[in-house]
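> Sharing a structure below in structure tokens format, with a few things to ask.
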Amino acid sequence: DQQVKQNSPSLSVQEGRISILNCDYTNSMFDYFLWYKKYPAEGPTFLISISSIKDKNEDGRFTVFLNKSAKHLSLHIVPSQPGDSAVYFCAASLNAGNNRKLIWGLGTSLAVNP
Amino acid sequence: ETGVTQSPTHLIKTRGQQVTLRCSSQSGHNTVSWYQQALGQGPQFIFQYYREEENGRGNFPPRFSGLQFPNYSSELNVNALELDDSALYLCASSPGGNEKTQYFGPGTRLLVL
């Protein structure tokens, strides 16, 4: 049972336009959400996060929106650049006692075309 | 400040063998988590170590075991390797067991033949 779903395996966007990556989750106990970016042959790199008490977090070209009622979050990248081409993972975190569980989606491969 | 490092970068084993993967956590981090990422999947949590003690475990059998050392580096050991163990193994460190953000190493790609 996939608790964190990224329903688009891939996305192609023109340089300079907006990239929107979507993520849905099922567990209402998740209280923190993160986006990681992964290049081939490298580990995931933390990009941006949002607490469940907020609905928006912005960091430069990256903005994450959270809609708790819909159990949906999205990552907006604007303007998109060719260097943004990578696999983007959505991850959801919940408190599991003395540690935190991080549940990951399957990833969306973003291609930004020059 | 050095990031998370892992060794080896890749290796090939045969079914039934044992393997040890290593991870050095980021400076100042006392918590290490290990993940398995199969092809086309997101990372799956194996276990976490906090100050040399196991601090949480995912749905992996006991033949997956680990250690954390006083300098907070860590090992993942897998016994009786199976073909399905072929994956990218990721190590992530964080400043505490309950820390929300984890920082990942480049991973070790294991192929079991």
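> Inside segment A:9-33, can you point out the residues that are away from chain B (no Cβ under 14 Å) and not aliphatic (A, V, I, L, M)?
A:Ser12, A:Gln14, A:Glu15, A:Gly16, A:Arg17, A:Ser19, A:Asn22, A:Thr26, A:Asn27, A:Ser28
> Considering segment A:67-98 alone, what residues qualify as being farther than 21 Å from A:Gly43 by Cα, open to solvent by less than 10 Å² (accessible area, probe 1.4 Å) and within 14 Å of another protein chain (Cβ to nearest Cβ)?
none
> Among the numbered conditions (1) within 11 Å of chain B (Cβ to nearest Cβ); (2) buried (at least 16 other Cβ atoms within 10 Å of the Cβ), tell me where A:Tyr39 comes up short.
(2)
> Right, something else. List every residue pair whose Cβ atoms lie under 8 Å apart, where the two residues are 6 or more positions apart in sequence or sit on different chains, the first residue falls within segment A:70-83 and is in a helix (DSSP H, G or I), and the second residue, located anywhere, is crowded, with 17+ Cβ neighbours inside 10 Å.
A:Pro82/A:Val112; A:Gly83/A:Val112
> Moving on to the next point. Take segment A:41-69 and flag every residue that is touching a residue at least 12 places away in the same chain (Cβ under 8 Å) and closer than 30 Å to B:Leu11 by Cα.
A:Pro44, A:Phe46, A:Leu47
> Could I ask something else about it? Test of understanding: among B:Gly40, B:Gly96, B:Gly58, B:Gly105, which residue is open to solvent by less than 20 Å² (accessible area, probe 1.4 Å) and either more than 9 Å from chain A (Cβ to nearest Cβ) or free of Cβ contacts under 8 Å to residues at least 12 places away in the same chain (or both)?
One residue alone meets the criteria, B:Gly96.
> Tell me which strands (runs of 3 or more DSSP E) are completely within chain B and hold 1 or more residues being closer than 28 Å to A:Val87 by Cβ and basic (Lys, Arg), or say none if there are none.
By residue number, B:10-13, B:19-24, B:53-57, B:108-112.
> Could you say which residue among A:Val112, A:Val64 is more than 12 Å from the chain's Cα centre (by Cα), open to solvent by less than 40 Å² (accessible area, probe 1.4 Å) and of a type in the set (A, V, I, L, M, F, W, C)?
Criteria check complete, one pass: A:Val112.
> I would also like to ask the following. Mind checking which residues of segment B:61-93 are within 16 Å of B:Leu110 (Cα to Cα) and open to solvent by 60 Å² or more (accessible area, probe 1.4 Å)?
Residues satisfying the conditions are B:Asn79, B:Glu82, B:Leu83, B:Asp84.
> Something else now. Regarding B:Arg22, is this residue at pLDDT 95 or above and more than 12 Å from the chain's Cα centre (by Cα)?
The answer is no for B:Arg22.
The values are calculated or read from the model by the stated rules, or taken from the named source; none is laboratory data. It should be emphasised that the depicted structure is a prediction, and the values quoted were computed from it without experimental measurement. Quick reminder, even Gly has a Cβ in these numbers, built from the backbone with ideal geometry, and neighbours come from all protein chains shown. Remember, those area values only see protein heavy atoms, side chains included, never the ligands or the DNA or RNA. Shrake-Rupley method; radii C 1.70, N 1.55, O 1.52, S 1.80 Å.
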